[in-house]
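Every number here is computed from the coordinates shown, using simple stated rules; none is lab data. Worth saying up front: this structure is predicted, and the values here are computed from it rather than measured. We place every Cβ from the backbone using ideal geometry, glycine too, and count neighbours over all the protein chains shown.
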Amino acid sequence: MSRFAVVHAGQLVTLRGRAGARPGPEMDELSIIEDGAMIVADGQIEAVGTTDELSAQLPEDVSDAGGRLVTPGLIDAHTHAVFGGCRANEFEMRCGGFGYQEIAEVGGGIRSSMRSTRAATEDELFELGRQRVQRFFDLGTTTIECKSGYGLTFDDELKMLRVMRRLDDETPMTVVPTLLAAHAIPPEFEGNREAYVNLICDEIIPAVVRRGLAKYVDAFCEDRYFTADEVLKIATTAQKYDLELRLHVDQLTNGGGAALAAELGAKTADHLEQTDEDGIRALAGSKTMPVLLPASVFMLGLDKYPDARRMIDGGLPVVLATDFNPGSSPTQSLPFVMTLACLKMGMSPAEALTACTVNAAASLDLAHDRGTLEAGKRADFAVWEAEDYREIPYWAATVRPHSVYVRGQKVG
């Protein structure tokens with residue numbers, strides 16, 4: 001048995017006893033151990049306590065945190081991390097006053113990434129993904145959800161999902177795969193939307209299930225993308241095949257997407273920038289978790305952020321994620337997302353950390369083995385170049401981990 005210990009953590013943030021469930025107002029309870037210590041055995045946490053409490057049990061292999069902050073590994077519950085190409089030109093266009101839809105109408109946006117992703121080989125996408133995985137580690141993230149949606153053909157959607165499986169198998173990162181074939185209508189189906197929705201339902205979803213390539217199905221329910229009726233058909237098909245739902249809703253307009261996600265029993269409703277009080281009430285009356293993506297608001301140069309404060313006060317277990325993608329949110333930094341959540345969405349630093357750990361784990365059905373630092377859980381954790389958890393959002397886009405561990409192995 002391999003055993004080692006981390007001692008003298010200035011703050012060991014355990015979130016002990018939390019399961020990422022309601023009620024939301026408990027999101028500020030972090031269960032911090034001062035001068036904390038943790039013993040790891042064969043990739044799992046064996047014991048957690050103060051350094052003095054565990055001193056008699058310590059193995060020979062001991063790492064002194066030197067008063068640094070230790071937290072669970074961060075969990076990013078909404079990314080688009082497999083893609084080809086770069087859209088820095090669109091960033092320049094936004095700086096010049098072009099909006100999201102205007103860029104899409106001149107061939108940019110999702111279709112730009114579609115062209116690059118289609119042109120890339122599976123090995124090329126894997127290598128790009130491997131580099132991004134390391135960047136996630138270096139920023140403290142140890143688990144990601146990842147969506148397809150830049151292929152928009154039968155072959156290319158499956159290609160993206162195979163890359164995700166390789167990243168999960170061949171790197172230390174846990175990559176939770178989501179089929180997002182309903183990300184945009186591809187050019188081949190312009191003027192024949194029904195045929196593309198049928199392709200998703202009749203061919204892509206069944207093939208994905210046969211190959212075991214995805215855990216969830218997602219759809220972009222938004223004006224000019226997919227209607228509520230189209231999303232309903234896709235969701236019904238997914239549920240027939242025992243795939244859970246994660247839905248992009250109410251990002252650019254309030255189309256009642258939050259209520260639709262709640263009605264469908266989706267695991268998550270993501271974005272929610274335009275969701276009103278009725279939508280929040282619908283989510284509060286359901287088991288659907290809100291996943292909020294403030295970096296995409298910031299990077300699109302918009303002003304309306306999701307009403308996280310009202311959601312939390314209404315009992316919702318809010319999740320924060322990067323929405324990492326090449327267009328609207330080209331960032332992999334959950335610490336930066338935490339800063340935005342605190343400054344723009346009324347969240348406290350404690351709530352933001354909860355939203356990136358145990359709540360995010362629950363949204364991916366992983367709270368049983370990660371998201372908190374407790375005996376029996378996976379030893380996924382980060383040692384930060386900081387002494388206090390509030391420094392993660394406070395040192396905006398600056399604080400980095402000193403070291404990051406997955407199953408007790410150093411990865412960053």
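Cross-link reach is defined here as a Cα-Cα straight distance under 16 Å, omitting same-chain residues fewer than 8 places apart; for LYS304 the lysines meeting it are LYS344. Considering only SER296, MET311, ASN359, the residue lying farthest towards the positive end of the dipole of segment 244-359 is ASN359, judged by Cα position with unit charges set on Cβ.
Going by a ≥ b ≥ c, the root eigenvalues of the Cα gyration tensor, does segment 46-161 fall in the rounded group (a/c under 1.5), the prolate group (a/b larger than b/c) or the oblate group?
Working: a/c = 3.71, a/b = 2.30, b/c = 1.61.
Cα axes put segment 46-161 in the prolate bin.
Return the whole-Å distance between the Cα centroid of segment 139-183 and the Cα centroid of segment 297-345. Centre-to-centre (Cα) distance: 22 Å.
Take every DSSP beta bridge whose two residues both sit in the chain, then give the antiparallel share in percent to the nearest 5. Taking every DSSP beta bridge within the chain, about 45 percent pair in antiparallel fashion. Rounded if a/c is under 1.5, else prolate if a/b is larger than b/c, else oblate: which is segment 98-211, with a ≥ b ≥ c the root eigenvalues of its Cα gyration tensor? Here segment 98-211 falls in the oblate category. Taking Lys and Arg as +1 and Asp and Glu as -1, the other residues whose beta-carbon sits under 11 Å from that of LEU366 total 0.
Does segment 178-273 come out rounded, prolate or oblate by the C-alpha gyration tensor, with a ≥ b ≥ c the root eigenvalues, rounded set by a/c under 1.5 and, if not, prolate when a/b is larger than b/c and oblate if not?
Working: a/c = 1.94, a/b = 1.14, b/c = 1.69.
It comes out oblate by the Cα gyration axes.
Counting only GluC sites (Glu not before Pro) that sit in a DSSP loop (anything but H, G, I, E, B) with at most 15 other Cβ atoms within 10 Å, what is the longest stretch of the chain containing none of them? Maximal segment without exposed cleavage sites: 191-384.
In this structure the amide hydrogen of SER403, modeled in the peptide plane, comes within under 5 Å of the amide hydrogens of VAL383, none closer than 5 places in sequence on its chain.
For the chain, the Cβ-based charge dipole about the Cα centre amounts to some 460 debye (Lys, Arg positive; Asp, Glu negative; other atoms uncharged).
Positive end of the dipole of the chain (Cβ unit charges, origin at the Cα centre): among LEU54, THR227, ILE205, the Cα lying farthest that way belongs to ILE205. Rounded to the nearest 20, the Cβ-based charge dipole of segment 251-394 about its Cα centre (Lys and Arg +1, Asp and Glu -1) stands at 180 debye.
So what's the net charge close to ILE33: Lys and Arg +1, Asp and Glu -1, counting the other residues with Cβ under 12 Å from its Cβ?
Working: positive: ARG16; negative: GLU34, ASP35, ASP52, GLU53, GLU374.
Neighbourhood net charge equals -4.
Toward the positive end of the charge dipole of segment 300-387, with +1 on the Cβ of Lys and Arg and -1 on the Cβ of Asp and Glu, the farthest Cα among THR322, HIS368, LEU334 is that of THR322.
Hey, if you drop one equal point scatterer on each alpha-carbon of the chain and run the Debye formula without solvent, what base-10 log of I(q)/I(0) do you get at q = 0.07 Å⁻¹? Taken in order of the listed q values, log10 I(q)/I(0) reads -0.31.
Under 5 Å from the amide H of PHE324 lie the amide H atoms of HIS80, each residue being 5 or more positions distant or on a separate chain, with H modelled from the backbone and absent for Pro and chain starts. Taking label points 7 Å from Cα along the Cα-to-Cβ direction, GLU60 and CYS86 give a separation of 4.8 nm.
Just list whichever of LYS147/LYS233; LYS233/LYS377; LYS240/LYS410 have alpha carbons separated by over 30 Å in the model shown. Spell out each step's value before the answer.
Numbers: LYS147/LYS233 19 Å; LYS233/LYS377 38 Å; LYS240/LYS410 41 Å.
Exceeds cut-off: LYS233/LYS377; LYS240/LYS410.
Placing unit charges on the Cβ atoms only, positive for Lys and Arg and negative for Asp and Glu, gives segment 130-195 a dipole magnitude near 260 debye about its Cα centre. Taking label points 7 Å from Cα along the Cα-to-Cβ direction, ARG281 and GLU170 give a separation of 5.2 nm.
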